[in-house]
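Worksheet: one structure, shown below.
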Amino acid sequence: MAITTIDGQKVWQRRDRNTQLRSWALWLVGTAIFMWCWQQISAVTTWPFFWDAPRIAADIGGRAMPPRWSYMDKLWAPLWDTLNIATLGTVMALMMAVPVAFMAARNTTPSALFVRPIALLIIVSTRSINSLIWALLLVKILGPGVFAGLVAISIRSIGFCAKLLYEAIEEIDESQVEAITATGASRWQVMAYGIVPQIMPAFAGIAVFRWDINLRESTVLGLVGAGGIGLQLQGSLNTLAWPQVSLILLVILLAVVVSEWVSAKVRGAII
Amino acid sequence: MLRLEKLTKVYKTGDKALNAVDLEVPKGQVLALIGPSGAGKSTLIRCINRLVEPTSGTVRLGDVELTGLGLGGLRRERRRMGMIFQEYALVERLTVMENVLSGRLGYVGFWRSFLRKFPQSDVDEAFRLLDRVGLVDMADKRADELSGGQRQRVGICRALIQNPSVLLVDEPTASLDPKTSRQIMRLIVELCEERKLAAIVNIHDVALAQMFVSRIVGLKLGTMVFDGAPSDLTEEVLTRIYGDEDWSETIQKVDEDEEVDVA
Amino acid sequence: MSAALDERLGKPWKKPPFISSPGLRWTLLIGSVIYLILAMNSIEVNWSRVYRGLDRGWQFVVAFANPDFTSRAAEIKDGMIESAVMALTSTVVGIAISIPIGLGAARNISILPVYLVCRSIVAVSRALNEIVVAILLVAIFGFGPLAGFLTLSFATIGFLSKLLAEEIEDMDKVQAEAVRATGASWLQRYVYGIHPQVVPRLIGLSIYRLDINFRESAVLGIVGAGGIGATLNTAFDRYEFDTAAAILLVIIAVVMVLEYLSGIIRARVQ
């Protein structure tokens, strides 16, 4: 905000001149970067394909309708696998995330110098890599199948859950911990009475939240061979069986909606 | 009972919170510790049960020197020191009963406490104490459902179930209204009398301290500047502790509303 | 001694259960035990295959210790640039579209028909997995970063519009009403009453989304939608674990830098 004098009159402006100029320059640079980026994409795009897209979309849409309902018989088993990957993956991830979170939180870590950096490294490296990439890697190591998907989902979730959990641990009310310590409680008792009750709501929220995400992610793991309904999707895409693809997409969509509803219900019940 | 010798605490920042404090509290005596904010009242009682590690000096509880103890020994001795906190410091998501029983944590093993399988004698004692403070019907309520005064009563039960020989009380009334403050102070003093407990009570309300305790210690910038009976607490002494101010009101008020409960 | 105390003394005490109805409690408990048993039994683990794979796993760990940045340097560089480009453009376009949709999806400033349309756009965008969208868009637009860009833009709309709408619904009503009381038009109301409150949050969310878009752009290549994912997929297919490790390290590094920067920027605008 600034007031300048023009022709002897005071003029109010939101920003003074330098700020204004800097703001314009920033916009200019931003626009230039965006245009350059757009050119990069444009250069490798076959534009005739793009203009043809509506026709192709209509064509695919026409072939995909109606979905092949009878194919549902073959989808129940992969759907069950998908659910198991998500649920067991979340359970396993939480079991590993809890100790990592306690090691990473400033107020509970056994050693801020040695243990905490290791815990943070586990969190960052598992979190930065998408579960599909983990699956890609694990399929190579463990062989294709549900097990690789399960491990991929749980590894990916460790960092996510541990990060949220350790932030919750760092936010607890220290005076409650102090009070339990003052009774002569042991280290583990302080944990069980002073810390755990305080982070329980956060823990439950994180678990449900991550389960919801994991269900979504496990629907596509099959694309790289890691089990679940994605495997059927991949097969149908490869054979251009569009009526099956549309049915599978419908089922995935339904599963996601149901999982979101369940997680909202559970979260509402807990908190 | 409790003896501090040359107790000194220097924080990492270089602040000298306690400066060679010598203090002896005999069995059954309730002592009020007064002084301005930052005088080191809170540090002093935390140095006794070593929630804050003293820099030098010794603390003796009975025959035991607390300052020289290892972790296990310290835990054992902490059981003999009940502590009551300013903001109650109850574990809010646990029930009243769990909060009271948490005072027994030093006596039971991890799994027993984890599974909430406390000995029957502890459970009975917890109910007796809750009955004594008038909260026996609240036993299964969650601590965060209680009012301030009720929470502090639970805090008192938690300290007493430890079967302590000393009570360390940190600003017990700072978050309470005047009437509840008096009730809580009266309860603490009565219970100390019943059980012959020594107690150190940090308190910023001079009038309240004068009303209930038999001995007052004044702390200023970590140094003891007064030690005597409430009646010796003159204007001149208060100025020494808190600095210049008109104190006649504060002292007079005590005589007037001795038995009048504030509405 | 009160009567209530008499009643309690000498009797064991138990913590009141979390779920008070015993029927529901046992149903849930037994149900979840049965589910866990069934679920675990349905997971087939080929232990001999896993055992053989351990060797490869170890190779990968070793590869992480000696990542090979050089032998496919050109491909890694191109892939990273393409990922970055996709992330950036899709975030910008996503924000541009999210703002009107987010305004429309806020119940307190929108009219009902607009609200319903905007909310359904948000719902569809959120329900569809990025990978699934990418597959469809690759089928329609052909391989390449365009499909990836469109996918990420679409996903950004669902994410940002929802949060933006919630932000507007939660915001300080008094401030907006003070502006309305001056007789301002709808646009003026937005510029003076809503905009100043929402912008800092929007900037924070946008940077967060840029971060997400970059991570996602790393996997879209697996289904042919451009970016570093294609390079990574190829590296895995050829069992070039050292190159794959190099790519993963680059991704982790970029994500960490982005997270650090976004922390700084968010702290500055808020």
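Overview of values
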| item | result |
| --- | --- |
| Computed [θ] at 222 nm, helices only, for the protein assembly as shown once each DSSP H run of length n ≥ 4 contributes -39500 (n - 2.57) | -20500 deg cm²/dmol |
| Chain A, accessible area per residue, ligands and nucleic acids excluded (1.4 Å, Å²) | 50 Å² |
| Number of partner chain Cβ atoms within 10 Å, mean per residue of A:188-196 | 5 |
| DSSP beta bridges in the protein assembly as shown [antiparallel fraction, %, rounded to 5] | 60 percent |
| Partners for B:Lys196 among lysines (Cα-Cα distance below 16 Å; same-chain residues under 8 apart left out) | B:Lys27 |
| Solvent-accessible area lost in complex, 10 Å² minimum, residues of the stretch A:102-140 relative to chain alone, 1.4 Å | A:Val124, A:Ser125, A:Arg127, A:Ser128, A:Ile129, A:Asn130, A:Leu132, A:Ile133, A:Leu136, A:Leu137, A:Lys140 |
| Accessible surface of chain A, 1.4 Å probe, proportion on carbon and sulfur as whole % | 69 percent |
| With every protein chain in place, chain B: carbon and sulfur % of accessible area (1.4 Å) | 47 percent |
| Partners for B:Lys6 among lysines (Cα-Cα distance below 20 Å; same-chain residues under 8 apart left out) | B:Lys16, B:Lys41, B:Lys220 |
| Accessible surface of the stretch C:72-269, 1.4 Å probe, proportion on carbon and sulfur as whole % | 67 percent |
| Accessible area, probe 1.4 Å, largest first, for residues B:Tyr88, C:Tyr208 | C:Tyr208, B:Tyr88 |
| Between the stretch A:217-271 and the stretch B:75-136, the alpha-carbon center distance in angstrom | 49 Å |
| Magnitude of the charge dipole, chain A, Cβ model with Lys/Arg +1 and Asp/Glu -1, debye to 20 | 420 debye |
| Cα-based Rg and Dmax for the protein assembly as shown, where Dmax is the largest Cα-Cα distance (Å) | 33.3, 99 |
| Sequence ranges A:222-232, C:52-62, B:167-177, B:181-191, ranked by mean other-Cβ count within 10 angstrom, highest first | A:222-232, B:167-177, B:181-191, C:52-62 |
| Of the DSSP H helices in chain A, those whose Cα atoms cover at least 24 Å axially and whose Kyte score averages 1.0 or more | A:76-104, A:146-170, A:242-270 |
| Between C and B, accessible area buried - total, square angstrom, nearest 100, 1.4 angstrom probe | 1300 Å² |
| Whole-angstrom gap from the stretch C:202-247 to the stretch B:192-232, using each part's C-alpha centre | 68 Å |
| Accessible area that becomes buried as B packs against A, both chains, 1.4 Å probe, Å², nearest 100 | 2000 Å² |
| Span-rule helices in chain C, defined as complete DSSP H runs reaching 24 Å or more along the axis (Cα) with Kyte mean at least -1.0 | C:22-42, C:47-65, C:73-104, C:145-170, C:195-220, C:241-269 |
| Most to least packed among A:38-51, C:146-159 [average Cβ atoms within 10 Å] | C:146-159, A:38-51 |
| Centre separation in Å (Cα based) which lies between the stretch C:103-146 and the stretch B:150-176 | 57 Å |
| Sorted peptide list for A:82-88, B:236-242, criterion being average Cβ within 10 angstrom, highest first | A:82-88, B:236-242 |
| Of A:Lys140/A:Lys265; B:Lys117/B:Lys179; B:Lys117/B:Lys141; A:Lys163/C:Lys162; A:Lys140/C:Lys77; A:Lys163/B:Lys9, pairs whose Cα-Cα distance is over 30 Å | A:Lys140/A:Lys265; B:Lys117/B:Lys179; A:Lys163/B:Lys9 |
| Chain B, accessible area per residue, ligands and nucleic acids excluded (1.4 Å, Å²) | 42 Å² |
| Normalised contact order of chain C, rounded percent, pairs of Cα under 8 Å and 6 or more residues apart | 25 percent |
| Residue mean of other protein chain beta carbons inside 10 Å, C:119-132 | 4 |
| Inter-chain shielding of B:79-91 (mean C-beta neighbours from other protein chains, 10 Å cut-off) | 4 |
| C/A buried area, accessible surface, summed, 1.4 Å probe, Å² | 4700 Å² |
| Rel. contact order, % - alpha carbon contacts under 8 angstrom, at least six apart, chain B | 27 percent |
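The values are calculated or read from the model by the stated rules, or taken from the named source; none is laboratory data. Predicted model only: the values in this text are computed from it and were never measured. Every residue, glycine among them, receives a Cβ derived from its backbone with ideal geometry; neighbour counts consider all protein chains shown. Protein only, heavy atoms only, side chains kept; ligands, DNA and RNA dropped before computing areas. Shrake-Rupley method; radii C 1.70, N 1.55, O 1.52, S 1.80 Å.
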